[in-house]
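The values are calculated or read from the model by the stated rules, or taken from the named source; none is laboratory data. Since this is a predicted model, take the numbers as computed values, not measurements. We place every Cβ from the backbone using ideal geometry, glycine too, and count neighbours over all the protein chains shown. Just so you know, the surface numbers come from the protein's heavy atoms only, side chains and all, with ligands and any DNA or RNA stripped out. Shrake-Rupley method; radii C 1.70, N 1.55, O 1.52, S 1.80 Å.
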Amino acid sequence: YENHFSHAQLGGNKIDLNLDTLLVSNNLDKFIYDSKFMTFWITYSAHMPYQYTKPECDENIDYIKSKFDSDNEEYLCAMSEAKVTDDSIKILIDALEKQGKLDDTVLVFFTDHYAYSMDKDMVANIKNETDKNMLTKTPFFIYDNGNHVETIDKVNSTVDILPTIADLFGLNYNPNIYFGDSIFSDNYNGFVVFNDGSWYDGNIYYKTNTKIENVDEKYISEMNSYTKDLLTLGGKIIETDYFRKVDINSISKN
């Protein structure tokens, strides 16, 4: 990254900055700033808590109430706030199209967490899931104005996003320095590790210290060992500030 823009540098008052629509429309020059550009944007409007008193909720609440048969404040506000973010993306896409750059731009969207502050029973009902780890399933998609359409069914997690983008753009990168893999690779099987040592491969969900019937115990043992190594290595990289101290270009490619 060459520049970082905090809220204080994006102009407007606090309410304006809480609305993704106004943040984008008032700062388009920071999103689309050159013939070639890369922008990373952390959205805000759909963030919890979900309450009628929030301007982000009030922005679309009448429209949402007309569309959804519910009287639950959290649910309605979550949908209303999400629409603010949706509308801000439309503003960005419209600007790209107006500038003739939409067909040459790739947009990557991912959610960093599910709405864990909401009523647990409601979330479980909406997602049809109760397990804490499996509740963390969230959207991740790549958009290029419909020029390419493909659905990847293999499970993946945030560690796979960067190598996937590097592979997609044909960048010269060393896969050995990433925990994840490109989801477009023929060798990618799909594997997600949770911080409590549990894991999921798209078919088998192994929860720490549980026994799974009718599954190859050798496979379970190998995946448990692999998971333990990943979590240990991840911790060591942070503890030792590994990438600050080691020249990553000197790491050989297998």
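Do any residues in the stretch 74-94 that are at negative phi have Cβ atoms under 7 Å from those of residues that are among the small types (Gly, Ala, Ser) and assigned to a helix (DSSP H, G or I), where the two are at least six apart or on different chains, and which pairs are they?
From residues that are at negative phi, the pairs are 91/25.
Among (1) assigned to a helix (DSSP H, G or I); (2) under 22 Å from the mean Cα position of the chain (by Cα); (3) not hydrophobic (A, V, I, L, M, F, W, C), there is one condition residue 224 misses while meeting the rest; what is its number?
Condition not satisfied by residue 224: (2).
Out of 90, 137, 154, I need the residue that is over 14 Å from the mean Cα position of the chain (by Cα), among the basic types (Lys, Arg), within 27 Å of residue 231 (Cα to Cα) and open to solvent by 70 Å² or more (accessible area, probe 1.4 Å). Which one?
After ruling out the rest, the residue left standing is 154.
Regarding the stretch 37-44, can at least one residue be identified that is closer than 24 Å to residue 138 by Cβ and outside any loop (DSSP other than H, G, I, E, B)?
Within the stretch 37-44, not a single residue is closer than 24 Å to residue 138 by Cβ and outside any loop (DSSP other than H, G, I, E, B).
Out of the residues in the stretch 157-194 that are polar (S, T, N, Q) and open to solvent by 50 Å² or more (accessible area, probe 1.4 Å), which is nearest to residue 113 (Cα to Cα)? Talk me through it step by step, then tell me what you get.
Just the residues of the stretch 157-194 that are polar (S, T, N, Q), to begin with: 157-158, 164, 172, 174, 176, 182, 185, 187, 189.
Restricting the remaining residues to those that are open to solvent by 50 Å² or more (accessible area, probe 1.4 Å) gives 158, 172, 176, 187, 189.
Values: 158: 10, 172: 30, 176: 27, 187: 27, 189: 23 Å.
Ranking the candidates gives 158 first.
Checking the condition part of a loop (DSSP other than H, G, I, E, B) and touching a strand residue (DSSP E or B) at 6+ places or on another chain (Cβ under 7 Å), which residue from 149, 155 passes?
Numbers: 149 fails: touching a strand residue (DSSP E or B) at 6+ places or on another chain (Cβ under 7 Å).
Answer to the selection: 155.
For the stretch 53-72, how many residues are surrounded by fewer than 19 Cβ atoms within 10 Å (Cβ to Cβ) and under 22 Å from residue 14 (Cβ atoms)? Break it down into steps so the answer makes sense when it comes.
Residues of the stretch 53-72 surrounded by fewer than 19 Cβ atoms within 10 Å (Cβ to Cβ): 53, 55, 58, 62-63, 65-72.
With under 22 Å from residue 14 (Cβ atoms) added as a condition, the list becomes 53, 55, 58.
Count: 3.
Kindly indicate the residue of the stretch 50-87 that is within 21 Å of residue 142 (Cβ to Cβ) and among the charged types (D, E, K, R) and also farthest from the chain's Cα centre (by Cα) among those meeting that condition.
That would be 87.
Six or more apart or on different chains, Cβ under 7 Å: which pairs go from a residue in the stretch 4-27 that's open to solvent by 40 Å² or more (accessible area, probe 1.4 Å) to one that's in a helix (DSSP H, G or I) and modelled with pLDDT under 85? Could you list them?
Here the result reads 7/17; 22/16, each pair linking the stretch 4-27 to a residue that is in a helix (DSSP H, G or I) and modelled with pLDDT under 85.
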